[in-house]
């Protein structure tokens, strides 16, 4: 890997803007094209690029598979939990109007919170799929079939 | 708090298992995740029972997701038909889970169990969601949730037999083709009507009248759902998927997944397209009805020649789906009633039979019929449960199988289609043949020497007997299910004329 100095330098330069762009897509999603799903994919891409250049072990050191599992579960819980909270506040499931005094702000809050959950789950699942493929078991032998 | 729960019952029905699934995935140990799953399944069943009681008098519960009014927002709409199906699905889950604990601990390694239960909960979420929602696109989304988790559940059988992986992959391809067809069909309907709400769709289709786009939409939906419910020539994924999945999974999906798909078909045919849509009636009579009869015979004959018990039962399931499609294709009140009753009856019967197969695998390590010689003496209780549920599959009086066949024959005779009635009875004879093969091997053939087989543990035996007993109970007191099915059929027929308010 030592001789790929161009790859290493370029990806080190690229990774921070990719992460930043992911956050932009995440939080600009209510005004322009974007949202949790796209942001999650872009965010995961930064880590996948890192793993491609510096090796899968270097990535799993920061993000072990267990953490990825917890992150993906937490994202779903944030989405579903928002619905439960609005239900407890007296509105319907995912009825964001209960989250703030006036409906436009309440809807905005609801969307932002829910999209954070989406982004988290999508990023974690993308990385988990990549890790699963990149460090998978040896292929099944013919006699095992 | 109570008022809050009562107002949000339809949402809770789906949200409870959905919330529990991610928690389950991170719990980390088999026992803990099983306990959480069990608790959630009990609550889910309680919710479905209260929904069923609330709709028993013909009332319809409408729930607005996110408080957006239908037809723009997603509506959950519960009437007697889907409340009945919800109760069947969550009730079967209630029987499967106590059984699953020992069975899954035997078939799946400890570190995978939390993910297994998580996938199980997601599958339950999907099945309940498909049933409860009143929005066509929402049906597609939940259908995919349940299907994707089912592929994963089937693939967990790979720890015992690697062929589970190909079976799951095969199902994934076929299931995805089915889902694609289904969503293309919905797209056609959306093109014609501009709405996705089922009740609104029904009204606008009446206003719009017949057109070739509508016909294409109907055919795409029929084929898409047909793939999911293993309608006869589209059934190729089913035998492998059922035989290589872990026993508890087979019992669960055999008893619920195809039934929910039947419900979707009923909902689209009679609520959306309407009872008097000529093109639909012609398709049902000239395509679905003959295919259903072919399924009853072809699949039963193939079942007779299978050596693996689970595989035999899988082919029998294809034949039983034929009965349900036959009842629906007769296009009469009694026929619909027979379909809805058989949906419940077959869930109970086939659930019990697959659970028995799981007990055999647990105790004897095999589900090959030739490997079960003399097992009736070693495992008397398990085998007795097989005989009870087997009699119900054949359709002997005092079992649920008899009730469904009775109404099916009655529906055929009402139309003066006595050849169809004769064919129904003739196909039951084939069921006698394949059930008798197992009974004969289990009781009348000598055990192989040097084999020690002990009775299955109590926690597997009790749920198995629970379902087997239900198949006798509801066969003896048929009034309970027939009343619900009759009301559901009436609701479906009158829904064709009912307009959305």
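Every number here is computed from the coordinates shown, using simple stated rules; none is lab data. Since the structure is predicted, the reported quantities are computational estimates derived from the model, not experimental observations. With ideal geometry, Cβ positions are generated from the backbone for all residues, glycine too; neighbour counts draw on all protein chains shown.
Would you mind classifying the protein assembly as shown by shape? Square roots of the alpha carbon gyration tensor eigenvalues, ordered a ≥ b ≥ c; an a/c under 1.5 is rounded, otherwise it is prolate if a/b is larger than b/c and oblate if not. Oblate, because a/c is 1.5 or more while a/b does not exceed b/c. Computed from the Cβ-Cβ distance with R0 of 30 Å, the FRET efficiency linking residue B:480 to residue B:384 stands at 0.75.
What order do you get for B:263-270, B:304-311, B:137-144, B:419-426 when each peptide is scored by the mean count of other beta carbon atoms within 10 Å, highest first?
B:263-270, B:137-144, B:304-311, B:419-426
What percent does the relative contact order of region B:275-501 come to when contacts are Cα pairs within less than 8 Å and at least six residues apart? Numbers along the way, then the final one.
Values: 331 pairs, mean separation 60.6, N = 227.
Rounded, it is 27 percent for region B:275-501.
Shielding of peptide B:125-137 by partners, expressed as the average count of other chain Cβ atoms within 10 Å per residue Cβ, is 0.
If you stretched the chain out fully between residue B:67 and residue B:406, how much longer would it get, using 0.36 nm times the residue separation minus the C-alpha to C-alpha distance? Walk me through the numbers on the way to the answer.
Working: separation 339, 0.36 × 339 = 122.04 nm, distance 4.47 nm.
Contour length minus Cα-Cα distance gives 117.6 nm.
Entry note, chain B: relative contact order of 16 percent, from Cα contacts under 8 Å with a spacing of 6+ residues.
Spin-label pair residue B:60-residue B:469: with each label point 7 Å from Cα along the Cα-Cβ axis, the two points sit 3.9 nm from one another.
Axis angle, to the nearest 10 degrees, between helix B:113-132 and the longest C-alpha principal axis of chain B: 40 degrees.
Dividing the convex hull volume of the alpha carbon atoms of region A:5-135 by its residue count gives 102 Å³ per residue. Computed with the Debye formula from one identical point scatterer per Cα of chain B, without solvent, the log10 of I(q)/I(0) at q = 0.07, 0.08, 0.09, 0.10 Å⁻¹ comes to -0.34, -0.44, -0.56, -0.70.
Each peptide in B:39-46, B:312-319 was scored by the mean count of other Cβ atoms within 10 Å over its residues; highest first, the order is B:312-319, B:39-46.
How well do other chains shield peptide B:157-164, expressed as the mean number of their Cβ atoms within 10 Å of each residue Cβ? Could the numbers behind the result be given before it?
Details: counts 0, 1, 0, 0, 2, 4, 2, 0.
Per-residue shielding by partner chains comes out at 1.
Per-residue shielding of A:63-73, expressed as the average number of other chain Cβ atoms within 10 Å of the residue Cβ, stands at 2. For residue B:304 and residue A:67, FRET efficiency with R0 = 56 Å and r from the beta-carbon atoms, rounded to 0.05? The calculated FRET efficiency here is 0.60. Peptide packing: for B:205-218, B:157-170, B:239-252, the average count of neighbouring Cβ atoms within 10 Å per residue gives the ranking B:239-252, B:157-170, B:205-218, highest mean first.
Model label sites at residue B:208 and residue B:370, defined 7 Å from Cα along the beta-carbon direction, differ in position by 5.6 nm.
Quote to one decimal, in nm, the extra length available between residue B:333 and residue B:439 on full extension: 0.36 nm per residue of separation minus the C-alpha distance between them. Walk me through the numbers before you get to the answer.
On the way: separation 106, 0.36 × 106 = 38.16 nm, distance 3.66 nm.
Contour length minus Cα-Cα distance gives 34.5 nm.
Rounded to the nearest 10 degrees, the inclination of helix A:103-134 to the longest alpha-carbon principal axis of chain A is 20 degrees. Using the alpha-carbon atoms, what tilt in degrees (0 to 90, nearest 10) does helix B:9-27 show relative to the longest principal axis of chain B? Helix B:9-27 sits roughly 40 degrees off the main axis of chain B. Here the simple spin-label model places points 7 Å from the Cα toward Cβ, and for residue A:31 and residue B:173 these points are separated by 4.8 nm.
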